[in-house]
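Asks: Got a structure for you, written out below as structure tokens; questions coming shortly.
Derivation of every value follows stated rules applied to the coordinates shown; laboratory data play no part. Only a predicted model underlies this, so the values are computations on that prediction, with no experimental measurement involved. Note that we place each Cβ from the backbone using ideal geometry, even for glycine, and neighbour counts take in every protein chain shown.
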Amino acid sequence: MEFFDLIVVGAGPGGYVAAERAGALGKNVLLIERDQLGGICTNWGCIPTKSLLNSAKLYRHAKEGEKMGVSVQSVSFDLGTAMAWKQETIETLRSGIQFLMKSNKVTVVYGEAEFVDAHHIRLGETTYECADLILATGSSPVVPPIEGHNLPHVLTSDGILAIDALPKSLAIIGGGVIGVEFASFFSSVGVKVSIVEMMDEILPMMDKEFAKLMRREMKDVDFHLGCRVTGITQEGLIYTDADGKEQRLNSDLVLMSVGRRANTQGMENLHLNIERGAIVVDEKLRTNIPHVYAVGDVNGKSLLAHSASRMAEVVVSNLYGNGGQKMRYHAIPWAVYGIPEAAGCGLTESEAKRQGREVVAATTQMRANGRFLAEHGKRAAGLCKVVVDAETKVILGVHLLGPYSSEMIYGAATIIEAELRIKDVKEIVFPHPSVSEVIKDTLFAIEHTL
């Protein structure tokens, strides 16, 4: 029986980062993956969707460039070529992860892990032993038992990335991040898109004002809010609207995008504490079983790729480093890579008030920003909102809607993690012209109200 210091099950952004970090410290590491290195993020999630969204943005820019002096004749979008580009991107990144594992002397094996106990994992006829175990098995799309959910034209986010032809129409069940991103892509390349959302607004983690503007800017998408899907037919959806009336929506293709479920199947022998379908962990990602840790989607704490990677770093640091690290979720940024983009970090104004905090907030239009105006014009939508504690002047939240939001939000995460005050950020020099200056401008607007 081969012994390893650490066995990691699942090679997504939590698992492969844990294996890489531990391997770099000289530990003997085994990484077990049942499908592809990179997990959902690299192969069926973050990376392929961003690749397709970039293709859609280029197509839109080509069609809309005349007002800026760029005219393109007979511009067209080819799904096959876009899919090939997406696949090349995936395979390149997958090869990069493979190189990282090799260079850090991580042993990689493929197959379905069978959990014998906390220190033994069986793979086929081979049993491996470990001192410590990290579970990074990720999550899978939720498919609610709606009548017709198993029809061939009903797809999850995994399946829709493999289509070989654009539908004429697409109905998306769910107005969360995944649904909005796919709606942005398909509507931008000429597909008639509808989103049916049970809540009264899309993107529940977003500031209400921003979510409303996001929806308004997605002009080619029909939104049906406060509606519950009751059935799926060959022709489309049956749903109950906000007034309780039954409605029908015709659609060639249906995307099921109502959330994800932690992959905890087959872990019964570990005797883990599981609540609401996810593995319970503490701030150091420890489970109730000694030497067993759970990172990423499987613990249900924060279903984001970068959260999983940070969790992996915390575990490895505590195992083989100073032991003092823990997860702090208040400064984890999120991003929606739609058209337009949106991102946020920290508390929204309403969340802060629900916590009983006295806050001051200000919102700035991005079109007042020089670079934004030069590149997108005065009719383009963009907002920055900053939430500040009224007494301490500590910045509690930063929220962005507009181009480059996903690239700027790390700065907000730094501000919130460091608990910077308005006067601290005022001393930071932002490049000019840059859209990021809108954050500093918004802080000045707040300062004048205090």
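Asks: Any idea how far apart ILE163 and THR233 come out in nm if each label point goes 7 Å out from Cα toward Cβ?
Replies: A separation of 2.1 nm, rounded to one decimal place.
Asks: Follow-up. Which of the trypsin sites (Lys or Arg not before Pro) found in region 188-272 are in a DSSP loop and have at most 15 neighbouring Cβ atoms, other than their own, within 10 Å?
Replies: LYS219, LYS245
Asks: Still on this structure, I have one more. Pick from ALA18, ALA242, ALA56: which residue has the top mean-square fluctuation in a GNM of the chain where Cα pairs under 10 Å get a spring?
Replies: For the chain, modelled as a Gaussian network with Cα springs under 10 Å, the answer is ALA242.
Asks: Related question: Loop only by DSSP, 11 or fewer other Cβ within 10 Å of the Cβ. Give me the GluC sites (Glu not before Pro) in region 79-165 that pass, ordered by residue number.
Replies: Values: sites: GLU88, GLU91, GLU112, GLU114, GLU125, GLU129, GLU147; in loops: GLU112, GLU125.
Counting only loop positions with at most 11 other Cβ atoms within 10 Å, the GluC sites (Glu not before Pro) in region 79-165 are GLU125.
Asks: Can you give the helix-only mean residue ellipticity at 222 nm for the chain, where every DSSP H stretch with n ≥ 4 adds -39500 (n - 2.57) and the sum goes over all residues, rounded to the nearest 500 deg cm²/dmol? Mind showing how you got there, number by number?
Replies: On the way: 13 runs with 144 residues, N = 450.
My calculation for the chain gives -9500 deg cm²/dmol from helical runs alone.
Asks: Same structure, new question: In the chain, what cysteines have no partner Cβ closer than 4.7 Å?
Replies: CYS130, CYS227, CYS345, CYS384
Asks: Under 17 Å from a point 7 Å along the Cα-to-Cβ line of GLU447: which residues of region 396-418 have their amide N that close?
Replies: Counting backbone N atoms under 17 Å from the label point, the list is 396, 415.
Asks: Sticking with this structure for a sec: Is the C-alpha gyration tensor of region 154-258 telling us rounded, prolate or oblate? Criteria: a/c under 1.5 is rounded; beyond that, a/b larger than b/c is prolate, otherwise oblate.
Replies: Working: a/c = 1.70, a/b = 1.12, b/c = 1.51.
Verdict is oblate for region 154-258.
Asks: Turning to a different aspect of this structure: Show me the ranking of peptides 167-176, 294-303, 194-203 by mean Cβ neighbours inside 10 Å, starting with the highest. Could the numbers behind the result be given before it?
Replies: On the way: 167-176: 22.2, 294-303: 26.8, 194-203: 20.5.
In descending order of packing, they fall as 294-303, 167-176, 194-203.
Asks: What is the antiparallel percent of DSSP beta bridges lying wholly in region 154-258, to the nearest 5? All intermediate terms of the calculation are to be shown ahead of the outcome.
Replies: Details: 9 of 25 bridges.
Among the beta bridges of region 154-258, antiparallel pairing accounts for roughly 35 percent.
Asks: I would also like to ask the following. What net charge is computed for the residues neighbouring SER406, neighbours being all others with C-beta under 15 Å from the C-beta of SER406, Lys and Arg scored +1, Asp and Glu -1? Please list the in-between numbers first.
Replies: Numbers: positive: LYS50, LYS57; negative: GLU181, GLU341, GLU407.
Cβ neighbours under 15 Å give a net charge of -1.
Asks: Where both residues lie in the chain, what percent of DSSP beta bridges are antiparallel, nearest 5?
Replies: Values: 44 of 79 bridges.
Antiparallel bridges make up about 55 percent of those DSSP assigns within the chain.
Asks: Cα-Cα over 25 Å: which of LYS63/LYS440; LYS67/LYS426; LYS50/LYS168; LYS208/LYS326; LYS63/LYS385?
Replies: On the way: LYS63/LYS440 33 Å; LYS67/LYS426 36 Å; LYS50/LYS168 22 Å; LYS208/LYS326 31 Å; LYS63/LYS385 31 Å.
Listed pairs above 25 Å: LYS63/LYS440; LYS67/LYS426; LYS208/LYS326; LYS63/LYS385.
Asks: How many nm is it between the label spots at GLU283 and THR127, if each spot is 7 Å from the Cα in line with the beta carbon?
Replies: If labels sit at GLU283 and THR127, their model points lie 3.9 nm apart.
Asks: Would you mind telling me which residue in SER307, SER188, SER51 has the biggest mean-square fluctuation in a Gaussian network model of the chain, where springs connect alpha carbons within a distance under 10 angstrom?
Replies: Among SER307, SER188, SER51, the largest mean-square fluctuation in the Gaussian network model of the chain belongs to SER51.
Asks: While we're on this one: Between GLU2 and PHE430, 0.36 nm times their residue separation minus their Cα-Cα distance comes to what? Each step should come with its number before you reach the end.
Replies: On the way: separation 428, 0.36 × 428 = 154.08 nm, distance 5.35 nm.
Taking GLU2 through PHE430 to full extension adds about 148.7 nm, to one decimal.
Asks: Using Cα pairs closer than 8 Å and at least 6 residues apart in sequence, work out the relative contact order for the chain, in percent.
Replies: Relative contact order here is 14 percent.
Asks: Still on this structure: Report the residues of region 46-65 in range of a label on ASP78: point 7 Å along Cα→C-beta, backbone N strictly under 18 Å from it.
Replies: 52-60, 62-63
Asks: Within region 26-90, list the trypsin sites (Lys or Arg not before Pro) lying in a DSSP loop whose Cβ has at most 16 other Cβ atoms in a 10 Å radius.
Replies: Of the trypsin sites (Lys or Arg not before Pro), the ones in loops of region 26-90 whose Cβ has at most 16 other Cβ atoms within 10 Å are ARG34.
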